[in-house]
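Below is one structure, written out as structure tokens, with a few remarks after it.
The values are calculated or read from the model by the stated rules, or taken from the named source; none is laboratory data. Small disclaimer: the values here were computed from a predicted structure and weren't measured. When we count neighbours, we look across all protein chains shown, and the Cβ atoms used for this are built from the backbone with ideal geometry, even at glycine.
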Amino acid sequence: MERVIGAVSQVNGMAELENIRISVLGKKGELTAILKQMGTLSAEERPVIGALANDVRGKIEAELESASARVASAEMAARLEAERVDVTLPGAALQTGRRHPMQIVLDDVIKIFLGMGFSVAEGPEVETTYYCFDALNTGPDHPARDPQDTFYFDDETILRTQTSSVQIRVMEKEKPPIRIISPGRTYRKDEIDATHSAHFHQIEGLAVDKGITMGDLKGALNTMMKGLYGSDVKLRFRPHHFPYTEPSAEVDLQCFACHGKGCPMCKYEGWIEMLGSGMVHPAVLDRCGIDSSVYSGFAFGVGIERLTLMRYKINDLRLLYENDMRFLRQF
Ligand code: DAH
């Protein structure tokens with residue numbers, strides 16, 4: 001008994017304690033073996049030895065019990081020490097997501113046009129040659145339709161090369177007054193470089209009503225550009241040709257780096273070409289069932305990449321597509 005109690009008092013693990021319990025009190029334990037021999041004792045010896053054995057068993061059990069409580073609390077203390085958390089350490093910072101620079105610019109353009117009573121329209125990226133070309137006065141022999149420039153699925157199905165196709169879809173469905181902008185993806189077979197991509201983005205604008213003039217076009221575009229680049233920007237309307245507008249104009253922004261004097265930003269021209277625009281061609285209106293003798297309209301199309309590069313003074317369009325976090329985190 002002394003030996004067992006001595007051993008129990010030294011124990012410092014639960015498993016060790018359980019081993020001692022089994023070796024003494026278990027089915028094949030030392031004390032159990034003694035108790036099993038009770039039958040071989042004489043009638044006088046039996047009660048004496050029995051009482052003694054029970055006494056020993058009680059003491060050993062009590063000792064095991066208290067040792068088990070001691071070991072459990074020691075193990076708990078060790079675990080608390082090992083798993084201790086230093087609440088003064090700095091936490092792991094969460095990276096917040098943010099909008100892509102082109103999305104920031106697009107959201108701004110949408111907000112500006114919503115403020116002028118426009119709404120946002122959408123059209124399909126897989127488009128027919130009718131909506132992308134024919135309905136826009138761009139006949140079968142026009143170079144823009146060349147398979148060298150346009151992605152064809154079959155003779156009549158393409159990836160749209162411009163969001164101008166949405167003009168037609170809207171004018172077929174809605175009657176004037178119409179005021180929409182239509183942002184979306186566009187595709188051309190361009191080699192990828194600092195200013196070109198086979199996949200890019202445009203915003204189309206269209207307003208049709210009685211008495212719409214070139215003055216309305218200039219007002220809308222001025223509002224857009226001042227909203228994006230600040231109230232002191234200057235626009236220049238330069239005569240141009242598009243099959244679906246008459247008259248047509250390309251719109252340049254006075255270089256805000258040099259205010260028109262000429263610098264590397266504007267390639268020493270003082271002006272930077274931004275977009276195409278014009279008064280909707282009467283034949284386009286009539287084809288959509290809008291009487292061109294009653295209604296007129298203006299339209300424009302602008303690349304979102306170009307707007308974004310200018311806004312943030314970025315010199316390579318590929319940065320917009322590479323999703324390099326070091327670039328994107330700056331916005
Ligand atoms: N579709 C032309 C382009 O992709 C841009 C454009 C020019 C759109 C004149 C128009 C417009 O709506 O009237 O370059």
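Of all residues in the stretch 81-115, how many are surrounded by 10 or more Cβ atoms within 10 Å (Cβ to Cβ) and not β-branched (Val, Ile, Thr)? Working first, answer last.
Quick first cut of the stretch 81-115, residues surrounded by 10 or more Cβ atoms within 10 Å (Cβ to Cβ) only: 98-115.
Restricting the remaining residues to those that are not β-branched (Val, Ile, Thr) gives 98-103, 106-108, 111, 113-115.
Residues that pass the stated criteria total 13.
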task: Test residue 171 against the criterion of being within 13 Å of the ligand (Cβ to nearest atom), of a type outside the set (D, E, K, R) and buried (at least 20 other Cβ atoms within 10 Å of the Cβ), and give yes or no.
output: yes
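Right, residue 105: more than 21 Å from residue 212 (Cβ to Cβ), outside any loop (DSSP other than H, G, I, E, B) and either more than 31 Å from the chain's Cα centre (by Cα) or β-branched (Val, Ile, Thr) (or both) or not?
Values: more than 21 Å from residue 212 (Cβ to Cβ): yes; outside any loop (DSSP other than H, G, I, E, B): yes; either more than 31 Å from the chain's Cα centre (by Cα) or β-branched (Val, Ile, Thr) (or both): yes.
For residue 105, the condition - more than 21 Å from residue 212 (Cβ to Cβ), outside any loop (DSSP other than H, G, I, E, B) and either more than 31 Å from the chain's Cα centre (by Cα) or β-branched (Val, Ile, Thr) (or both) - is met.
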Meets criteria (within 16 Å of the ligand (Cβ to nearest atom), under 22 Å from residue 121 (Cα atoms) and either in contact with a Ser or Thr (Cβ under 8 Å, 6 or more places away or on another chain) or not in a strand (DSSP E or B) (or both)) for residue 299: yes
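Quick one: is residue 161 without any contact (Cβ under 8 Å) to a residue 40 or more places away in the chain, closer than 28 Å to residue 189 by Cα and more than 16 Å from the ligand (Cβ to nearest atom)? Steps first, please.
Details: without any contact (Cβ under 8 Å) to a residue 40 or more places away in the chain: yes; closer than 28 Å to residue 189 by Cα: yes; more than 16 Å from the ligand (Cβ to nearest atom): no.
Considered against the rule, which asks whether it is without any contact (Cβ under 8 Å) to a residue 40 or more places away in the chain, closer than 28 Å to residue 189 by Cα and more than 16 Å from the ligand (Cβ to nearest atom), residue 161 comes out as no.
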message: Quick check on my filter: what residues within the stretch 181-196 are of a type in the set (S, T, N, Q) and at pLDDT 95 or above?
response: 182, 186
- request: Give me the pairs, please: first residue somewhere in the stretch 252-281 and on the phi < 0 side of the Ramachandran plot, second residue anywhere and in a loop (DSSP other than H, G, I, E, B) and among the acidic types (Asp, Glu), beta-carbon distance under 9 Å, and either six or more positions apart or on two chains.
  value: 252/269; 255/269; 256/232
